[in-house]
Amino acid sequence: MKRVFIPNRGEIAVRIVRACRELDLECVVGASEPDLDGLAARQADRVVCLGPGPADASYLRDDIVVQAALGTGCDAIHPGYGFLSESPQLAARAREHGLVFVGPPTEAISLAGDKLAAREEARGAGVPVLPGGEARSAEQARELADRIGYPVLVKAAGGGGGRGIKRAADGQELEAVIGLARGEAAAAFADDRVYVERLIESARHVEVQIAADDHDTVIDLGERDCSVQRRFQKVIEEAPAPALSEATRGRLREAAVAFARAIGYRNLGTAEFVVDADSGEFFFLEVNCRIQVEHPVTEAVTGRDLVGLQLRIAAGERLGFAQEDVAFAGHAVECRLNAEDIARGFMPSPGTLSLFAMPGRPGLRVDTHCFAGAAVPPYYDSLLAKLIAHGDDRVQAIDLLLDALEDVDVEGVQTNRALLQSVLGLPDFRAAAVTTDWLERTLQ
């Protein structure tokens, strides 16, 4: 593996370019027209245009991505996250043309992408799964919900990234959302299957980072807590997960490795779980077959370069260390600085950055693709930067992040900086007494 094609944008594309540089790999960025002068494009060895701004005409065209990779002499594709990162079609097309796909096998991506199939695999591997099942009709949905008890979630079988999820507190709400959920699932994922799952109201969202090579080594790199969410989208993440007993922490990590082994997983991925904050029980949610937005908090506490690991595993190398070699130091907290207008219901705020100044501190890492004069297009996710604070303990990390946010200076677009500062300073957050519905209740 000598030259890597990166069909992505934003801070993750910049992050992959950096990892390629550190491994002496050449890199080519595939960018849409609005991103041709972006930071990733500037830092890569070469940039090629994938198409116009809308993602379905550029970043989501697997045929164009593979053609561009071949045309630029690349022998590998690193898809990053989002877009085609969990596309079995891209993985299969790449491998058919002799390209290394930096990710798991096509079969594992297909299985993990089918949430119903993944639930069954998890159950077969002895991993706890929430009560529920496929709802092929409104009547079947009602029967399931009556059996498992309200409230419930209706989820898209082909969904992911927090999308395609509807809540129902009773039968009347379920009637109202089941058809809507099916229509949204068809539009977003070309798959109208949905399933009903019991909703744990006092829930924490905890995920486990897994790594697996082609030489039968499967390990975990610890867990992260992502319970601060708005509309099922993560806002703040941290590692290790607070408010977990060591027994629960150990069982979660064992369950993630067991599932990865059961589906023949390779490369890096994340097993996501919901933890009942009252009972301590945990249940499998899904596996994400890609690097996560929040991977820097794991890098901070383990000292491991996760993107570099992805590339080395894809090249056929051994992981190079065992489970007992994974050590954890301190605590890390990450927040996502987004171009959002909070006063207008968190509407995206595209525009041109007339000023973009990020802080520098010992223990602080900033992952960004932005700079003064850069455009924030209306077509994509509104993420501007990730600020990651690493301290000796959780309180130190939170305080460092709060201090850093004071020096964030962005003009030209609206941002969610004030919200992040507010959340980090709230007593419930500082006491790790938050659940997945906490932020939305707090904002009401």
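The values are calculated or read from the model by the stated rules, or taken from the named source; none is laboratory data. As the structure is a computational prediction, the values presented were derived from the model and not from experiment. Because the Cβ atoms are built from the backbone with ideal geometry, glycine has one as well, and the counts that use them run over all protein chains shown.
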Seminar exercise, completed: Condition set among the hydrophobic types (A, V, I, L, M, F, W, C) and not in a strand (DSSP E or B), scope segment 328-344, selection farthest from Asp305 (Cα to Cα): answer is Ala343
Exercise. Among the strands (runs of 3 or more DSSP E) confined wholly to segment 345-444, which include 1 or more residues that are under 30 Å from Ser279 (Cα atoms)?
Worked result: 383-391
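Quick check: is even one residue across segment 4-13 without any contact (Cβ under 8 Å) to a residue 60 or more places away in the chain and either in contact with an Asp or Glu (Cβ under 7 Å, 6 or more places away or on another chain) or not in a loop (DSSP other than H, G, I, E, B) (or both)? So that I can check it myself, show each step before the final result.
From segment 4-13, those without any contact (Cβ under 8 Å) to a residue 60 or more places away in the chain are none; that's our starting set.
Within segment 4-13, not a single residue is without any contact (Cβ under 8 Å) to a residue 60 or more places away in the chain and either in contact with an Asp or Glu (Cβ under 7 Å, 6 or more places away or on another chain) or not in a loop (DSSP other than H, G, I, E, B) (or both).
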Problem set entry | Residue check for Ser349: over 23 Å from the mean Cα position of the chain (by Cα) and among the hydroxyl-bearing types (Ser, Thr, Tyr) | no
Seminar exercise, completed: Scanning segment 379-397 residue by residue, those surrounded by fewer than 18 Cβ atoms within 10 Å (Cβ to Cβ) and free of Cβ contacts under 8 Å to residues at least 60 places away in the same chain turn out to be Val395
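Kindly evaluate Leu70 against the criterion of being modelled with pLDDT of 95 or more, of a type in the set (A, V, I, L, M, F, W, C) and in a helix (DSSP H, G or I).
Details: modelled with pLDDT of 95 or more: yes; of a type in the set (A, V, I, L, M, F, W, C): yes; in a helix (DSSP H, G or I): yes.
Yes.
Looking only at segment 173-230, which residues are of a type in the set (Lys, Arg) and closer than 23 Å to Gly149 by Cβ? Spell out the reasoning first.
So in segment 173-230, the residues of a type in the set (Lys, Arg) come out as 182, 193, 198, 204, 224, 230.
Residues satisfying the conditions are Arg182, Arg193, Arg198, Arg204.
Does at least one position in segment 33-51 carry a residue that is over 18 Å from Ala13 (Cβ atoms), touching a Lys or Arg at 6+ places or on another chain (Cβ under 9 Å) and not in a helix (DSSP H, G or I)?
Applying the first criterion (over 18 Å from Ala13 (Cβ atoms)) to segment 33-51 yields none.
Looking for residues that are over 18 Å from Ala13 (Cβ atoms), touching a Lys or Arg at 6+ places or on another chain (Cβ under 9 Å) and not in a helix (DSSP H, G or I), one finds none in segment 33-51, hence no.
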Seminar exercise, completed: Matching residues in segment 264-286 (closer than 16 Å to Ala118 by Cα, at pLDDT below 95 and among the aliphatic types (A, V, I, L, M)) number 1
Exercise. So, of the residues in segment 60-82 that are under 16 Å from Val17 (Cβ atoms) and touching a helix residue (DSSP H, G or I) at 6+ places or on another chain (Cβ under 9 Å), which turns out to be surrounded by the fewest Cβ atoms within 10 Å (Cβ to Cβ)?
Worked result: Tyr81
For this session: Determine, yes or no, whether His215 is closer than 30 Å to Leu309 by Cα, modelled with pLDDT of 95 or more and not in a strand (DSSP E or B).
Result: yes
Problem set entry | Residue satisfying all of: in segment 394-412; within 24 Å of the chain's Cα centre (by Cα) and not β-branched (Val, Ile, Thr); nearest to Gly425 (Cα to Cα) among these | Leu402
Exercise. Any residue at all in segment 311-331 that is under 28 Å from Glu440 (Cα atoms), surrounded by 18 or more Cβ atoms within 10 Å (Cβ to Cβ), modelled with pLDDT of 95 or more and not β-branched (Val, Ile, Thr)?
Worked result: yes
Exercise. Given Gly158, Gly103, Gly133, which one is part of a loop (DSSP other than H, G, I, E, B), in contact with a strand residue (DSSP E or B) (Cβ under 8 Å, 6 or more places away or on another chain) and not aromatic (Phe, Trp, Tyr)?
Worked result: Gly103
